[in-house]
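Enquirer: Take this structure first; my questions come after.
The values are calculated or read from the model by the stated rules, or taken from the named source; none is laboratory data. Predicted model, so just to flag it, every value in this text is computed and none were measured. Note that each Cβ is placed from the backbone with ideal geometry, even for glycine, and that neighbours are counted across all protein chains shown. Side chains are part of the model used for accessible areas, which takes the heavy atoms of the whole protein and leaves out ligands, DNA and RNA. Shrake-Rupley method; radii C 1.70, N 1.55, O 1.52, S 1.80 Å.
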Amino acid sequence: MNFKTVFSLSFWSLNLKEFRKRYNYDLAFNASFRGVNVLPRRILKTNEFKYLRCYRIAQATKGSLWFRLWFYPRLVRFSIRTGIGLYENLNIPQGLIIGHSGTIVINSNAVFGGNLMLTHNVTIGRDVRGKRKGAPSFGKNVCIRCNSTVVGRVTIGDDVLIAPNTFVNFDVPSHSVVVGNPGIIHPRDNATEGHLGKVNE
């Protein structure tokens, strides 16, 4: 931390406007997925939504004093408690559904396009050697179902559904469903229809 950073306005401020923008979009995205206009209070009290809110606040305050002293440590503690480990990657754009509580591990270098669904026991990791050395990048409207793994420097297109128990270490074109271990690509228009919400921007 340098002298210039400490005396900058952003270091001391809370970017609540950015938090509200992303979180309100998340709420609308999740409500659409569940087929309702407004999420009921009992849903908002679940660990998935408490975590989502904590994640968005930490994301919006990144680089500030409050992030260092309060929001990031709180997110890490909540991650350890729930197993939802998004804290190493604060780059997920608006439009996030955490389908169920349970272990979710995401590499810090993974890149996302937005409108993403993650369910329990999903791993998004890096490869440490070979032609796929690195972490995955994802397009927009991607659903990754339970017990699935995406690993290595691969590109996942837009509108992609990764079915439960699927292993992906290869590029996946847009409008595809991937099934199995090893994964097999099945081209399909509107692959994620019914698996994600939809928000009119």
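Enquirer: Given the residues T103, T82, which is the only one that is of a type in the set (S, T, Y) and surrounded by 15 or more Cβ atoms within 10 Å (Cβ to Cβ)?
Expert: T82
Enquirer: Which one of these does I98 not meet: (1) touching a Phe, Trp or Tyr at 6+ places or on another chain (Cβ under 6 Å); (2) crowded, with 20+ Cβ neighbours inside 10 Å; (3) under 27 Å from R153 (Cβ atoms); (4) not small (G, A, S)?
Expert: (1)
Enquirer: Starting from region 18-47, take each residue that is in contact (Cβ under 8 Å) with a residue 24 or more places away in the chain and list its partners that are of a type in the set (G, A, S) and open to solvent by 40 Å² or more (accessible area, probe 1.4 Å), counting only C-beta distances under 6 angstrom and pairs at least six apart or across chains.
Expert: That search, which allows pairs on different chains as well, returns N47/S101.
Enquirer: Tell me which residues, restricted to region 163-173, are open to solvent by 50 Å² or more (accessible area, probe 1.4 Å), of a type outside the set (D, E) and closer than 14 Å to F138 by Cα.
Expert: Residue satisfying the conditions is P173 alone.
Enquirer: Give me the residue from region 186-201 that is open to solvent by less than 60 Å² (accessible area, probe 1.4 Å) and touching a strand residue (DSSP E or B) at 6+ places or on another chain (Cβ under 8 Å) and, out of that set, farthest from L116 (Cα to Cα).
Expert: Ranking the candidates gives A191 first.
Enquirer: I57 - would you say it is closer than 17 Å to C143 by Cα and either in a helix (DSSP H, G or I) or out of contact with any Cys (no Cβ under 6 Å at 6 or more places or on another chain) (or both)?
Expert: The answer is no for I57.
Enquirer: Additional query: With respect to Y72, is the statement that it is aromatic (F, W, Y), under 27 Å from G125 (Cα atoms) and open to solvent by 20 Å² or more (accessible area, probe 1.4 Å) true? Write out each step before concluding.
Expert: Working: aromatic (F, W, Y): yes; under 27 Å from G125 (Cα atoms): yes; open to solvent by 20 Å² or more (accessible area, probe 1.4 Å): yes.
Considered against the rule, which asks whether it is aromatic (F, W, Y), under 27 Å from G125 (Cα atoms) and open to solvent by 20 Å² or more (accessible area, probe 1.4 Å), Y72 comes out as yes.
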